[in-house]
Every structure is written in C-alpha cells, then in structure tokens.
1. Out of the residues in segment 89-101 meeting the condition of being open to solvent by 10 Å² or more (accessible area, probe 1.4 Å) and in contact (Cβ under 8 Å) with a residue 60 or more places away in the chain, tell me which one is nearest to the ligand (Cβ to nearest atom).
2. Would you mention how many residues in segment 149-175 are within 10 Å of the chain's Cα centre (by Cα) and open to solvent by 10 Å² or more (accessible area, probe 1.4 Å)?
3. Does Ala211 satisfy the criteria of being over 27 Å from Val55 (Cα atoms), part of a helix (DSSP H, G or I) and open to solvent by 10 Å² or more (accessible area, probe 1.4 Å)?
4. For Ser155, state whether it is part of a loop (DSSP other than H, G, I, E, B) and of a type outside the set (A, V, I, L, M, F, W, C).
5. Note down all Cβ pairs under 8 Å where the first residue falls in segment 168-189 and is basic (Lys, Arg), the second is surrounded by 14 or more Cβ atoms within 10 Å (Cβ to Cβ), and they're at least six residues apart or on different chains.
6. Consider only pairs whose beta carbons are under 7 Å apart and that are at least six residues apart or on different chains; among these, list those whose first residue lies in segment 22-42 and is free of Cβ contacts under 8 Å to residues at least 24 places away in the same chain and of a type in the set (Phe, Trp, Tyr) and whose second residue is away from the ligand (no atom under 11 Å from the Cβ) and outside any loop (DSSP other than H, G, I, E, B).
7. Return the only residue of Val75, Val55, Val63 being over 20 Å from Met193 (Cβ atoms) and touching a Leu at 6+ places or on another chain (Cβ under 6 Å).
8. Considering (1) touching a residue at least 24 places away in the same chain (Cβ under 8 Å); (2) more than 16 Å from the ligand (Cβ to nearest atom); (3) under 21 Å from Ser147 (Cβ atoms); (4) part of a helix (DSSP H, G or I), say which one Gly118 fails and leave the rest.
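The values are calculated or read from the model by the stated rules, or taken from the named source; none is laboratory data. Worth saying up front: this structure is predicted, and the values here are computed from it rather than measured. We place every Cβ from the backbone using ideal geometry, glycine too, and count neighbours over all the protein chains shown. The accessibility values were calculated without ligands, DNA or RNA, using every heavy atom of the protein model including side chains. Shrake-Rupley method; radii C 1.70, N 1.55, O 1.52, S 1.80 Å.
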Amino acid sequence: MNAARTARSAARVILLGGFEPFHGERRNPSLDVARALDGEVIGGLAVHALQLPVVYGRAGRRVASAIARFQPAAVLGLGQAGGRPVITLERIAINLADAPRRDNSGALAADKPVIRGGPDAYFARLPLRAIERALAHRRIPAALSLSAGSFICNSVMYAALHQLRRRPAVPCGFIHLPYDTRQALRHLREPSMPLEMMIEAVRTAIEIIGAHQKG
Ligand code: PCA
C-alpha cells in the first residue's frame, strides 16, 4: 500500500465508494471495482476507495465524514442495481428512504427523509453526457438514469451532495452497476456484465471527471 499512499499524496483525491454485499449476495461488484482502482491515479485524481455499509443512516454518515476528513477533489459512489441491463449514470438523488426490503442491519424504511429538513433532491454534479459518450466510444453499454432509487445508494448519493452543497466546484455523483457475471448463476434470467468491463467503465468515468476539472 506504500505506492498507493505516495500516489495519493502526489495528486488530488477522488473518493470512490463501493458497497458491501447485500440481500444474500456473496459479492458486490461496486466494492470489487472500488478496490481494483484503489491507489491508481486517473486523470490527475488519486483514487481512495471507501467501503460502505448497506445500512440506512450509517452509510450516509460514513461518506459525509470521509468527505470532511479527506477534502476530496471529487466524489463518486458506486452501487449495484441487479437487473438493470447496463451501467447507469444517476442524474438525481432524492430525500427519501423507502424500500420494500431490509438493509443489512434488518431495518426497513418507509416515507422517511434521508436528511430531515434537506431539499427534496440534488442533481448529480458530474459531466454525465461526456461520460456516456466516452463509454459508448469504448463500446461499454451505459445509459443515464433518472433515479438512484430510494434504498441505500440513493441515500449515499444524497448525503454526499448535501455534504458538498457549499462546495459546488467539487464533482459528485453516482454510478449503478449491473450484476457481475460471477453472480449470474444465481440470477439466470437477469443481465450481467464482466467485472473487467465495469472496472474499465469506472476508470473511464474518472478520466472524464479529471479532464473536465482541469478545463
Ligand atoms: N445497491 C443498493 C444498496 C447497495 C448497493 O450496492 C442500492 O441500489 O441502493
């Protein structure tokens, strides 16, 4: 990890969040991708991976305190949206925690705000169209998405944008990943994507974020 530490001190940091497995899965490609890129310097940004719990409240607090601690130049959250056929670039985080399934602590949420008194929603602050184009150019299937849902990923995206609300120059957003092909046997009727392609997609997104920041 020494090389990674050197890289981090030499460049501006991008916090790259990935989640632990949830809902009975043995892996979560969002964490595998974040770990694979940890320590790399991409587009002038040194990747600092952050493992996030799939727990209401705790996940958002974890990302907010990492932002306060590392003062990153950019923040990108990754999560799994099993069943979606392609990589999805999230446009909006909403102030709502509400899902039919439990989080990893066993908690259910319905009709709850992510942050009491916070605005209804935040738009992602990422060059989403440029990322979409760059992914198409590399033949990686991706699309813009209007909703990060209302489970834990949405609350992390919302909490990060809320924490950075007075620092509008810091790019911040969220990307959902489909099932990894290693999860496919458990989901025979769902689409999946090789982990290597998802790593390449996130590396590409960070390159674009870094390039836009310099310009
Ligand atoms: N996906 C879930 C939570 C953690 C994850 O990887 C979501 O979309 O909210």
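1. The selected residue is Arg101.
2. Residues that pass the stated criteria total 1.
3. On the way: over 27 Å from Val55 (Cα atoms): yes; part of a helix (DSSP H, G or I): yes; open to solvent by 10 Å² or more (accessible area, probe 1.4 Å): yes.
Yes, satisfied.
4. On the way: part of a loop (DSSP other than H, G, I, E, B): no; of a type outside the set (A, V, I, L, M, F, W, C): yes.
No; evaluated as a whole, the condition is false for this residue.
5. Arg182/Arg27; Arg182/Leu195; Arg186/Glu25
6. none
7. When all the criteria are applied, what remains is Val75.
8. Condition not satisfied by Gly118: (4).
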